[in-house]
Amino acid sequence: MSQSSSNRFYLTTPIYYVNARPHLGHAYSTIVCDAIARRKRALGIETWFLTGTDEHGQKIERSAEKAGRTPQEFADAIYSEFRGLWTQLGITNDDFIRTTEPRHIRGVQKLFATLRERGYIYKGSYTGQYCVSDEAYVDGPAGTLCPDCGRVTETVSEENYFFKLSAFEDKLLKFYDENPNFMGPESTRREVISFVRSGLKDLSISRTSFKWGIPVPGDEKHVVYVWLDALVNYMTALGYGSENVQDQENFKKFWPADLHLIGKEISRFHCVYWPAFLMAAGLPTPRAIRANGWLMFDQSKMSKSKGNIVRAETVCAVLGDEALRYYLMREIPFGQDGNFSFDALVQRYNADLANGYGNLVSRVVNMMHKFFAGVVPAPGAPTEAEIKLKASTEAAIAAFGPAFDAFDFAEALKALWSLVAETDGYLTANAPWKKPQDRSEEDHAALQARVLATAAEAIRVITALVYPILPTAAAKVWRQLGQGELAEAAQQAFLTKVAWGGLKPGTRFEEPAPLFPRAEKDAVERMVALEEENNRTAVEAAQAQKEEKKLEENKPATPETAAPAASTTPDQKSAAPQVPDQKPAVPQAPEGQPAAPQVLPEGFPAAEPQITIDDVVKIDLRVAQILVAERIPKADKLLRLEVDLGYEKRQILAGIAQYYEPEKLIGRKIVIVANLAPRKMRGLESNGMLLAASLENSSPVLAGFLEEVPLGARLK
Ligand code: MSP
């Protein structure tokens, strides 16, 4: 791990988008950073650890809109979830930056102005593809899929500010060459170098088609491209852009960063754009960037859009707050993708924490109380067994640090846990709890003293080394071993002094306290059930929000709701984006008619106009069952249906009276557009629209299913 010469270390996590609640994928990067920060501090290095949230951009604007909230309200809610989770997971960040904070906005505008003054920004126009999900420009014709996430890109055509990235091709290649430690792992390094070698085009760094961003200084119709905005957080949090002398000092003290820890999919932004921006601004570049792999679940990257997330809170609820820290760092070789599995998690928890380290500590601390009234005896002369355990402990000390500092956390923990197993074996082989008949009382007491003092010393070393990964458990054990407060020891750089022989005879142990209770047989089921429950509540909450929004929208216009934008307060104005008028996502059926797909020639007609996946997901298609179907007086085309969606019942008016006998429809499962705004027809409200195939020369045919499907199931 590269380290600043000044005995200071500044490290950062990526800042997390607030379009979705935190999940294990986010927790992973943050936990790794926290463990590094804790180790650095306990090595006496002045450490600054930053994390935060990335709150601007089209993606957030759209997510907020979908939820019927302003982007700021939306960001506030998710931001609180991130903060709460980091507290629960024991994350010791020194600062938390939000990109909507004034200190950040001011810094981004300063960097933009600096780049412009130095001649690296010009105005041009961009027509091309954009992936809103990754907030990234993508090469290729209309309809190109994003190479990172596979989603369909959108065509944007805008007047933009451009950054002269092309001027940095050679400079960056030279920089990578001169700083072989700058980026890693090797796969990331190779990928980035090949990307730069294939040629760099100038980069569009502003957008005009939406509002939720930082205004370009002097040209406020543009907002700064979200990646330029986001990357600068690493400096604005330190004080870059501030007029305050203390902030400026702080910036000088910690910049450049010693480590940006990132996910592998955002390497290009960090390893190419970021150093180029900094070089252009005449600022020092970060010392190291390391990319973690993806946490996979059910064979694909855990992410909200794939619907395969697991929340850290679920694991904490069943296995305590630290199991996850250990599991993620032990199980996943850093830099590679790793599979998350509840079974593997519980297995590892029981084997390594409950039956392994936890049980070892409990045996030794209990015996120390039972046989020596909790006071460490003098061990006496070592036999071969103690000499061997001492050698193994010293080998573990020698192996742990370098592996950890090379980001090989799994290897570091493996070395430590082989010492746990060896200490356990040593204890069992010497069985201090059992006196054989042919051993004198005196010899047995000597053996007990030797074995318990030696095993306790090995535990002390294990505990010190594992502290960055299991801080709370380690602090508990430290106390039980009569070593006092580990947090205080960490402030006194105790990790620089980890060596065999630190446990002094006469030390008084504290009472044993449980560490890692064995996970019950149903631990996996409980976690699965918690996730299911959470998903269900999330669907219900989203539904409730939509309902609320619908009601709001249908409220008769009052003077406030009808007021033009100009009468909103400045705050509201900046929080509420101006969204371009939404076109209906599907061709609108004439009143009272089922949706009528275009009648097209035989074969495979092209759907026009093309829509993106973002448009598709806006349509909430659901399975519903018809409970009531009846004709409406004086309306020969319309049927009044009452349908059951599982989570609610509602009324729909459908223009199928000429084609279907109402009685025959009862009990039938159909597909409805559940989020269509309510409309009134013949004085009755219709809350949705059913789907049917519209045929040129015959009656429409209702969409349905051959297999059993639960009511309310979403079609996607
Ligand atoms: N906001 C940008 C980062 C800007 S940094 C200047 C962003 N945000 S994100 O919320 O989409 O992702 C942030 C980080 O979360 C990723 O880089 C990655 O480290 C982590 N992960 C999210 N899902 C993940 C997995 N399934 N597995 C591992 N980490 C992943 O990108």
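None of the figures in this text is laboratory data; all of them are computed from the coordinates on show. These figures come from a predicted structure and were not determined experimentally. No Cβ is skipped: glycine too gets one built from the backbone with ideal geometry, and neighbour counts run over all protein chains shown.
How high is the relative contact order of the range 422-504, in percent, counting Cα pairs under 8 Å that sit 6 or more residues apart?
Computed over the range 422-504, the figure is 27 percent.
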Original post:
Using a Förster distance of 41 Å, how high is the FRET efficiency between T472 and H444, based on the Cβ-Cβ distance and rounded to 0.05?
Top reply: 0.65
Original post:
For the Cα atoms of the chain, what angle does the longest principal axis make with the long axis of helix 384-405, in degrees from 0 to 90, nearest 10?
Top reply: 30 degrees
Subject >> Contact order normalised by residue count of the range 655-715, Cα under 8 Å, 6+ apart, percent >> reply: 28 percent
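Counting Lys +1, Arg +1, Asp -1, Glu -1, what net charge surrounds Y120 among other residues with beta carbon under 11 Å of its beta carbon? All intermediate terms of the calculation are to be shown ahead of the outcome.
Working: positive: R116, R118, K164; negative: E117, D202.
Local charge sum for Y120: +1.
Where nothing but the Cβ of Lys and Arg (+1) and of Asp and Glu (-1) is charged, how large is the charge dipole of the chain around its Cα centre, in debye to the nearest 20? Don't skip to the answer; put the middle values down first.
On the way: 83 positive and 91 negative charges, 99 e Å.
Magnitude of the dipole: close to 480 debye.
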Original post:
How many times 2.2 N^0.38 Å is the alpha carbon radius of gyration of the chain?
Top reply: 1.17
Original post:
Highest mean first, what order results for 41-52, 425-436 on Cβ atoms within 10 Å?
Top reply: 41-52, 425-436
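Which order do the peptides 373-384, 305-316, 123-134 come out in when sorted by mean C-beta neighbours inside 10 angstrom, highest first?
Details: 373-384: 13.8, 305-316: 19.5, 123-134: 16.8.
Result, highest mean Cβ count within 10 Å first: 305-316, 123-134, 373-384.
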Original post:
What is the gain in length, in nm to one decimal, between W500 and E707 on full extension, counting 0.36 nm per residue of separation less the C-alpha to C-alpha distance?
Top reply: 67.8 nm
Subject >> C-alpha long axis of helix 58-67 to longest principal axis of the chain, angle in ° >> reply: 70 degrees
**OP:** Report the FRET efficiency, 1/(1 + (r/R0)^6), for S166 and D219, where r is their Cβ-Cβ distance and R0 is 25 Å, rounded to 0.05.
**Re:** 0.65
Subject >> P(r), alpha carbons of the range 631-716 - 10 Å bins starting at zero, rounded % >> reply: 15, 50, 31, 3
**OP:** For the range 45-112, just the Cα atoms, rotate onto the principal axes and tell me the three extents in Å, largest first.
**Re:** 45, 35, 15
Subject >> All-pairs Cα distance distribution in the range 320-468, expressed in whole percent, bin size 5 Å >> reply: 2, 9, 18, 20, 18, 13, 10, 6, 4, 2, 1, 0
**OP:** Between E648 and E186, with labels modelled 7 Å along Cα→Cβ, what's the label distance in nm to one decimal, could you check?
**Re:** 5.7 nm
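Please state the relative contact order of the chain as a whole percent: Cα pairs under 8 Å, 6+ residues apart? The partial results should precede the final answer.
Details: 1177 pairs, mean separation 87.1, N = 716.
Normalised by residue count, the contact order of the chain is 12 percent.
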Original post:
To two decimal places, what compactness ratio does the range 285-373 give when its Cα radius of gyration is scaled by 2.2 N^0.38 Å?
Top reply: 1.45
Subject >> Exceeding the 20 Å Cα-Cα cut-off - candidates K680/K716; K40/K497; K174/K252 >> reply: K680/K716; K174/K252
**OP:** Could you give log10 I(q)/I(0) at q = 0.10, 0.18, 0.20, 0.21 Å⁻¹ for the range 216-355, computed by the Debye formula over C-alpha point scatterers of equal weight, without solvent?
**Re:** -0.53, -1.06, -1.15, -1.21
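Quote to one decimal, in nm, the extra length available between A385 and S305 on full extension: 0.36 nm per residue of separation minus the C-alpha distance between them. Present the calculation step by step, with values, prior to reporting the outcome.
Numbers: separation 80, 0.36 × 80 = 28.80 nm, distance 5.53 nm.
Extra length available between A385 and S305 comes to 23.3 nm.
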